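**Student:** Shown below is the structure under consideration.
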Amino acid sequence: MSLTSLMFIIFVLTAVIGYYCIPKRYQWLWLLFFSYIYYLSTGARTVYYLLITTASTYLVGYFMSRIQKDKDDRAARRVNRRLLVLALLLNFGMLAYLKYTNFLIANLNDLLHAQLNFKDLLLPLGISFYTFQSMGYLLDVYWKKCEAETTPLRLALFVSFFPQILQGPIGRFSRLGKQLFTSHTVDWEQMERSFLLILYGFFKKMILADTVAPIVDHIFGNPTQFSGVFMIIGVLGYSAQLYGDFSGGMDVVQGISGLFGITLDDNFKRPFFAISITDFWHRWHITLGTWMKDYVFYPISLSKWMSRFSKYLKTHLSKKLGRTIPICIANILVFLIVGVWHGAAWKYIIYGLYNGVIIGISGLLTNCYRDWKKALHIQDKSHGWHIFQILRTFLLVNISWFFDRADTVKDALFMMKNTILNFHISVLWDGSLLMDNTILHIQYRYIIVIAACLVVFIISLLQEKKITFAQSIYTWKPAVRFVLYLVILFVIPLLGQTPMAEGGFIYAQF
Amino acid sequence: MRNSKKYIWIGLFLALTICINLLLNYVLLPYSYVRCDTHHLTEGGYQDIYVGTSHGFAGIDPLQTDAITGRKSTNLCLGGEYLCDSYFLTKEAHRHNPLKRVIYVLDPGYWVTEPSQDSSYNTLCQSLPWSKVKLEYTAAKMLKADFRTTLFPWYNYRKDLLKPDVIQHNLTTKQSQEYKDYSIKPFDSTGQTYTEQGFMNIHRVENAQKTEQNLKLWNEADLIPKEFKYFNKLKSYCAQNQIDFVVVTLPVPKETLGKYQEQFDAAHNYFTQMMQAQNVTYCDFNYVDLSSQGFEATVSNYNDYDGHMYGNTAQKFSQILGEYLNAQDLAMS
């Protein structure tokens, strides 16, 4: 069931109306029922993977909390660690098997000139998201950051909550769990804000992302046919597409949750206003970033072997390097995992490493940066420096998109080389931008994409200046607000494009 | 804001949304011959219907077949008509007419492609009168479609907002008596004539440039299960209602057949075997010698390489089809 289908709209309306009509104590059961209907309608053949994850998460969480109560601290910790490792191996093993087996076979075939057959594996919908969410919960229970859930059906709801299961955000039990299980009454203000958020999400998805998508696909699909200017158009277009698609999808998902009175964690915070790659990852796919920080980065950087390594560096090199090198290594490892999470291909691994290396090296060179800025009389708080940092980060992010979007690492490198060595600025005015009209209504597409980018930029700028659009709208007169909603509602079909693939959210494939 | 006021605003918002939507539909949606087809069904009296793709739409003239079969038939083939559409069209037709025979025009390419959500996607749904069939059809086809296609039917014609002459034409047509009378006259153009029994007579144009841009080639690996599902539904529906079910594939130009021999051969073998296994009468006219019956399947007799016949070619072919249907009728009886 695609988020853009009529069926989904009817499904959500039924779920919302029913949610507020039934007795409050059954509201969470109602959500669970609808979450499973949604999952069954979308990925019925793979529902047992969801059930395995739910059952194993519940059982391990439950037993860990029982053991913590029954045994002394040390013994409990030992047993719990074993249980935790078992659950992590089972769930991440399942994810790895389903997602990476064929990647491994392809590489083994290449490396050993073998003829191993590929497996016919069906990737369960949302597996990357619900696995991370469930395992985050187990780690929290293990670290006693939250109490284990004693009701299996409640945990099942936490794992399968339908608005977020396909593309996140990756929720935390401490925040999401409470909201899911408490009862809610109709909050008209939140309803209206949620409706606006849904409209804005569809605006970003249908007018920005889906309009630019064919141009991006055409350029990245035929890299040898185009000069450097097109590479830049392609990668900038991909920036717009990915942001419009993913953040638009998130807005829709958050809006739908909001209709039930449930606030999901933010996944985006104006990422293109980031002043460094580290800052970018604090603003882009935030819930994945914080998951990685809490469950991978800290465990690695605070581990015994890392502290021994740190001590060794402090003794043999310098105090500063003893502190920064372990952080650098942890960052690179984290982003290697982020890359692998994105997909089973070398290009994603390079994409992850690229980000990890930049963040790692930035950490190592912090003092040098400080000295350089001092020597060049750069004021940290000056507008010029701030804008320079934003542009520099935007450039670095766009370089990473080449790896993310190109079909192979080779294509990505070729496109980057072409950007510099085969620029051909004349294509901007000699009519080449129309690409021989291979893409329908390309001139309108350019205009719509630029206009949509401007709208999104202005709204983001206002938000960056702490002017929250949705909240300020609510202070307007109802007539003005409703006219605005009507305008957005009709602009979506008026200017939006139908994606090539049904449903078509990029991150719904993870 | 008090809740009562909220309800008023929500009601007003919904009412305005519906009004603007209806207005845009009225202004942008063109008068469609599907509206005439479905209306003519309600007048009753048809014994045979042709359902299927645009090859049938341009290739079967019921007047010619009826002259040979002695029955009254109508052509319900449409461009972009998939088996789901054919199935519900058959049900709708049978609601008003005690059908004796359904002839399904099979284009193998339609079994391996998903319907694109273009202007033809929801035309039939809009044209069907309210009934249980319409509800079933909506649930089967429209629920899964993009909400813009279903809730905002003008979406596929939005570019016409920039064309005042098109808007003017739509408005004039919809206010005319011909529209109210379900007349087919507005569909006449220099290139083609639409007939009341659903046949699109494409006029021959000398030295016209011909393309194959809508050609959908068969590839068994891409077979879509949904087509199977509706094929079986259509077959069962016919069986339950004692309606004869015949499947035909119309001939494409031999130039196209030669160019894509491998795909056409594979499709022919696949469907011949499938129909035999299903005990369904099937004729692939691409593999019948029609020249002996005076029919030349050369591109000069077609509007394009895809297989849309010129009117006079279609009329000749329809006579052959009529003979074939008669022969089948005799064999069955």
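**Student:** DSSP H helices in chain A with Cα extent of 30 Å or more along the helix axis and mean Kyte-Doolittle hydropathy at least 1.6?
**Tutor:** A:442-464
**Student:** Right, next: In terms of the Cα gyration tensor, with a ≥ b ≥ c the square roots of its eigenvalues, is segment B:78-157 rounded because a/c is under 1.5, prolate because a/b exceeds b/c, or oblate?
**Tutor:** Because a/c hits 1.5 or more and a/b fails to exceed b/c, segment B:78-157 counts as oblate.
**Student:** Still on this structure, I have one more. Hey, if you put +1 on the Cβ of every Lys and Arg and -1 on every Asp and Glu Cβ in the protein assembly as shown, which of B:V246, B:T65, A:A451 ends up farthest toward the positive end of that dipole?
**Tutor:** Ranked along the dipole, the leading option is A:A451.
**Student:** While we're here: Work out the FRET efficiency for A:Q225 and A:D70 from their Cβ-Cβ distance, taking R0 = 56 Å, and round it to the nearest 0.05.
**Tutor:** With R0 = 56 Å, the Cβ-Cβ based efficiency is 0.25.
**Student:** Filter A:K144/A:K465; B:K141/B:K235; A:K99/A:K347 down to the pairs with a C-alpha to C-alpha distance above 26 Å, please.
**Tutor:** Table pairs above 26 Å Cα-Cα are A:K144/A:K465.
**Student:** Which longest uninterrupted range of chain A lacks any trypsin sites (Lys or Arg not before Pro) assigned by DSSP to a loop state (not H, G, I, E or B) and surrounded by at most 12 other Cβ atoms within 10 Å?
**Tutor:** Answer - A:145-380.
**Student:** Follow-up question, since we're still on this one. Give the average, rounded to an integer, of partner chain Cβ atoms located within 10 angstrom of each Cβ in A:482-495.
**Tutor:** 4
**Student:** Let me ask something else. Say the cut-off is 30 Å between C-alpha atoms; which of A:K119/A:K410; A:K314/A:K374; A:K293/A:K320; B:K185/B:K259; A:K374/A:K410 go over it?
**Tutor:** B:K185/B:K259; A:K374/A:K410
**Student:** How many partner chain Cβ atoms sit within 10 Å of a residue's Cβ in peptide B:8-21, on average, as a whole number?
**Tutor:** 3
**Student:** In degrees from 0 to 90, rounded to the nearest 10, what is the angle of the helix B:33-43 Cα long axis to the longest principal axis of chain B?
**Tutor:** Its long axis makes an angle of about 80 degrees.
**Student:** Using the Cα centre as the reference, give the magnitude of the dipole from point charges on the C-beta atoms of segment B:71-120 (Lys, Arg: +1; Asp, Glu: -1; all else neutral), rounded to the nearest 20 debye.
**Tutor:** 560
**Student:** Which whole-number percentage describes the relative contact order of chain A, with Cα contacts under 8 Å and a sequence gap of 6 or more?
**Tutor:** Contact order relative to length: 19 percent.
**Student:** Here's a follow-up. May I ask you to derive the FRET efficiency for A:V357 and A:N109 from their Cβ-Cβ distance with R0 = 30 Å, giving the value to the nearest 0.05?
**Tutor:** 0.55
**Student:** Continuing with this model, one more query. For the pair A:F309 and B:A67, how long in nm is the line joining their label points, each one 7 Å along Cα→Cβ?
**Tutor:** Modelled inter-label distance: 8.9 nm.
**Student:** Right, something else. May I ask you to evaluate 6.51 cos²θ - 1.76 cosθ + 1.60, the Karplus curve with θ = phi - 60°, for each residue of segment A:120-125 and list the ³J(HN,Hα) values in order in whole Hz, giving x for glycine and proline?
**Tutor:** Each residue of segment A:120-125 in turn: 8, 10, 9, 7, x, 5 Hz.
**Student:** Hey, another quick one. What is the dipole size for chain B, taken about its Cα centre, with +1 at each Lys and Arg Cβ and -1 at each Asp and Glu Cβ, in debye to the nearest 20?
**Tutor:** It comes to approximately 1800 debye.
**Student:** Here is a further query. Per-residue Cβ counts within 10 Å, from other chains only, averaged over B:142-155: what number is that?
**Tutor:** 6
**Student:** Pick out, in residue order, every one of the chymotrypsin sites (Phe, Trp or Tyr not before Pro) in segment B:124-191 that is DSSP loop and has at most 15 other C-beta atoms within 10 Å; say none if there are none.
**Tutor:** Within segment B:124-191, the qualifying chymotrypsin sites (Phe, Trp or Tyr not before Pro) (loop, at most 15 other Cβ atoms within 10 Å) are B:W130.
**Student:** What is the angle, in °, between the Cα long axis of helix B:83-96 and the longest principal axis of the Cα atoms in chain B? Nearest 10 is fine, range 0 to 90.
**Tutor:** Between helix and principal axis, roughly 80 degrees.
**Student:** Classify segment A:273-405 as rounded, prolate or oblate, taking a ≥ b ≥ c as the square roots of the eigenvalues of its Cα gyration tensor: rounded when a/c is under 1.5, otherwise prolate if a/b is larger than b/c and oblate if not.
**Tutor:** The shape class here is oblate.
**Student:** Moving on to the next point. Calculate, in nm to one decimal, what B:F187 and B:D118 gain on full extension: separation in residues at 0.36 nm each, minus their alpha carbon distance.
**Tutor:** 22.8 nm
**Student:** For chain A, with the dipole built from +1 on Lys and Arg beta-carbon atoms and -1 on Asp and Glu ones, taken about the Cα centre, which of A:Q133, A:L333, A:I473 lies farthest toward the positive end?
**Tutor:** A:L333
**Student:** Based on the Cβ-Cβ distance from B:Q213 to A:S276, what FRET efficiency comes out when R0 is 56 Å, to the nearest 0.05?
**Tutor:** That gives a FRET efficiency of 0.65.
**Student:** A further question on this structure: For helix B:164-175, what angle does its Cα long axis make with the longest principal axis of chain B, in degrees from 0 to 90 and rounded to 10?
**Tutor:** 90
**Student:** Further, regarding this structure: Can you list which of the GluC sites (Glu not before Pro) found in segment B:188-220 are DSSP loop residues with at most 16 other C-beta atoms within 10 Å?
**Tutor:** Qualifying residues, ordered by number: B:E196, B:E206.
**Student:** How big is the charge dipole of the protein assembly as shown about its Cα centre, in debye rounded to the nearest 20, if each Lys and Arg gets +1 on its Cβ and each Asp and Glu gets -1 on its Cβ?
**Tutor:** Computed charge dipole of the protein assembly as shown: roughly 5440 debye.
Throughout, read-outs are computed from the coordinates displayed, never taken from laboratory work. What you are looking at is a predicted structure, and each value in this text was computed from that prediction instead of being measured. Note that each Cβ is placed from the backbone with ideal geometry, even for glycine, and that neighbours are counted across all protein chains shown.
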